[in-house]
Amino acid sequence: MSVLCACLMLFLVGQIANADNATVWVGMGAPQQGEKEGIYRTILDEETGVLEPPQLVAEIGEPEFLTLRSDGRRLYAACRLPNGDGGVAAFEIGSDGKSLQLMNTQPLGGGRACHVAIDPTTRCLYSAQYGDGTVAVFPLAEDGSIEARSALVEHKGSGPDASRQETPHPHSVNPSPNDSFLLVPDLGTDRVEIYRTDPATGTLESYGHGNSPPGGGPRHMTFSSNSEFAYVVNEMGLSVTVFKYDSKAGSLEPIQTIPTIPEDLRTPGNNCSEIRMHPSGQFLYTGNRVHDSITAFRVDPQSGRLTFIEVEAAHGKHPRNFNVDPSGKWLLVAGRDSNSISVFKIDQDSGELDYTGQSVSSPAPICIVFQP
């Protein structure tokens with residue numbers, strides 16, 4: 001066998017071995033035990049579900065939410081800048097897929113971002129500022145670095161809960177699958193604001209809204225596989241509202257609201273956090289804090305409506321975030337207050353979760369993102 005053939009075979013074997021591994025980026029909140037702040041990286045073996053202990057790869061203040069460019073070469077974070085102000089940061093992912101190099105940061109100009117997302121054309125970065133009640137747009141340069149803010153939209157209104165809905169609180173930014181609209185659930189107003197986007201100019205134009213139940217507090221959202229339905233988790237209402245989504249008109253029509261925790265299982269202070277669609281489109285999952293659990297639903301592909309499957313203990317305290325791996329076999333839960341990430345196996349037929357008994361240490365994890 002020639003040296004060239006031998007090298008080629010070794011390369012292919014390595015590629016096959018690596019195909020079973022998924023890179024996972026972990027964002028964090030304020031450290032609770034003096035750990036270093038920054039973005040952590042771990043590896044999930046998609047065949048066995050074994051998760052490596054996360055390692056710090058980039059130091060930056062409180063990278064609370066992360067998002068990846070579709071080609072997997074750039075990572076963006078909502079963060080705290082060295083002067084204490086809120087900002088956004090861009091990182092280049094190394095060719096080895098293991099390292100992060102800070103490209104640049106930009107200040108928000110007030111407040112702190114709780115969520116960031118990239119438009120499908122990768123020309124703009126969007127951010128939601130919960131405390132300030134605003135949504136910001138940052139153009140992205142050709143190399144992926146972040147340019148100065150091009151737009152800032154201020155929400156108006158309030159909700160029936162005077163303790164939490166006295167002012168607007170946009171909680172996430174969600175580009176529509178067809179790239180024409182940005183949908184923003186606002187916990188303070190019980191509305192999902194709809195904006196027409198123009199990535200070329202980095203601007204937003206108010207287009208309408210969808211209504212969540214009064215006092216529900218819409219937080220995060222996701223779409224069905226065919227993009228005909230949108231699912232919004234209501235933080236305060238412990239529920240999911242299903243919307244019929246018209247991508248051409250940019251409209252949301254509520255068709256169902258279903259509890260995430262049955263009444264007899266609820267305890268004081270329970271509230272919802274994250275919502276994720278299974279890659280197959282058959283199952284939907286939500287996180288429940290204080291109750292510290294994950295709820296599973298089955299998705300009807302025709303009507304978009306949800307059917308309750310189960311509530312599974314999160315095996316971590318304050319599950320602010322979780323995610324499903326690209327293979328659809330595993331679900332990782334970030335326990336912010338337990339400094340842990342727990343691993344669950346997903347039954348591909350029923351959608352039920354089975355805790356693997358594995359939990360790795362990770363400082364104040366509040367965002368889990370899988371490398372494309």
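Laboratory data are not the source of any read-out in this text; all were calculated from the coordinates shown. Keep in mind it's a predicted model, so treat the numbers as computed, not measured. Cβ atoms come from the backbone with ideal geometry, glycine included; neighbour counts cover every protein chain shown.
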Query raised in the report: Which whole-angstrom value gives the distance between the alpha carbon centres of the range 146-181 and the range 103-137?
Result: 10
Report summary line: With a 27 Å threshold on alpha-carbon distance, the violating pairs from Lys36/Lys317; Lys36/Lys156; Lys156/Lys317; Lys244/Lys345; Lys36/Lys345; Lys317/Lys345 are Lys36/Lys156; Lys156/Lys317; Lys244/Lys345; Lys36/Lys345
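Once the cut-off is 22 Å, how many percent of the Cα-Cα pairs in the range 104-215 end up in the long-distance tail? Can you show the working numbers first?
Values: 1716 of 6216 pairs.
Value for the range 104-215 (Cα pairs over 22 Å): 28 percent.
Please compute the contact order of the chain in relative form: average sequence separation of alpha-carbon pairs under 8 Å and at least six residues apart, divided by the residue count, as a percent.
Values: 1085 pairs, mean separation 42.7, N = 372.
This gives 11 percent for the chain.
So how strong a dipole does the chain carry about its Cα centre when Lys and Arg Cβ are +1 and Asp and Glu Cβ are -1, to the nearest 20 debye? Present the calculation step by step, with values, prior to reporting the outcome.
Numbers: 27 positive and 45 negative charges, 65 e Å.
In total the dipole reaches around 320 debye.
For every helix of n ≥ 4 consecutive DSSP H residues, a contribution of -39,500 (n - 2.57) applies; sum these over the chain, divide by its total residues, and give [θ] at 222 nm rounded to the nearest 500 deg cm²/dmol. Working shown, then result.
Working: 1 runs with 16 residues, N = 372.
Per the formula, -1500 deg cm²/dmol.
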Query raised in the report: Around Thr189, which amide H atoms from residues at least 5 apart in sequence, or from another chain, sit under 5 Å from its own amide H, with H modelled in the peptide plane?
Result: His169
Query raised in the report: With r defined as the distance between the Cβ atoms of Asn178 and Ala200 and R0 fixed at 22 Å, what FRET efficiency is calculated, to the nearest 0.05?
Result: 0.85
Report task. Using a cut-off of under 14 Å, list every residue of the range 130-146 whose amide N is near the label point 7 Å from the Cα of Thr105 along the Cα-to-beta-carbon line. Result -> 146
Report summary line: Among Ala89, Ile366, Thr23, the residue whose Cα sits farthest towards the positive end of the charge dipole of the chain, when +1 is placed on the Cβ of each Lys and Arg and -1 on the Cβ of each Asp and Glu, is Ala89
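Could you size up the charge dipole of the range 155-259 around its Cα centre, putting +1 on the beta carbon of Lys and Arg and -1 on that of Asp and Glu, and report it in debye to the nearest 20? Mind showing how you got there, number by number?
Details: 7 positive and 12 negative charges, 13 e Å.
Its charge dipole is roughly 60 debye.
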**Report entry** the range 333-372-the range 207-227 distance, computed between alpha-carbon centres (Å)
**Finding:** 25
Query raised in the report: Dipole size in debye (nearest 20) for the range 44-93 around its Cα centre, Lys and Arg Cβ +1, Asp and Glu Cβ -1?
Result: 300
Requested in this report: Return the Cα extents of the range 155-259 along principal axes one, two and three, sorted largest first, each rounded to a whole Å.
Outcome: 39, 28, 16
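If you average the sequence gap of Cα pairs under 8 Å that are 6 or more apart and divide by the length of the range 236-312, what percent do you get for the contact order? Let's see the in-between values first.
Numbers: 145 pairs, mean separation 18.2, N = 77.
Relative CO of the range 236-312 lands at 24 percent.
Please compute the Kirkwood hydrodynamic radius of the chain from all pairs of different C-alpha atoms, in Å with one decimal. Mind dumping the intermediate values first?
On the way: mean 1/r = 0.0479 Å⁻¹.
That comes to 20.9 Å for the chain.
How high is the relative contact order of the range 155-259, in percent, counting Cα pairs under 8 Å that sit 6 or more residues apart? Walk me through the intermediate numbers first.
Numbers: 274 pairs, mean separation 20.2, N = 105.
Across the range 155-259, relative contact order equals 19 percent.
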Query raised in the report: Based on the mean of other beta carbon atoms within 10 Å per residue, what is the order of 273-283, 204-214, most packed first?
Result: 273-283, 204-214
Report summary line: Under the Karplus relation with 6.51, -1.76 and 1.60 and θ = phi - 60°, whole-Hz ³J(HN,Hα) for the range 331-338, x at Gly and Pro, equal 10, 10, 10, 8, x, 4, 7, 9
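Hey, got a sec? Which GluC sites (Glu not before Pro) in the range 71-163 land in a DSSP loop and have at most 12 other Cβ atoms within 10 Å? Before the final figure, lay out each step's value.
Details: sites: Glu92, Glu142, Glu147, Glu154; in loops: Glu142, Glu147.
In loop regions of the range 71-163 (DSSP not H, G, I, E or B), the sparsely surrounded GluC sites (Glu not before Pro) are Glu142.
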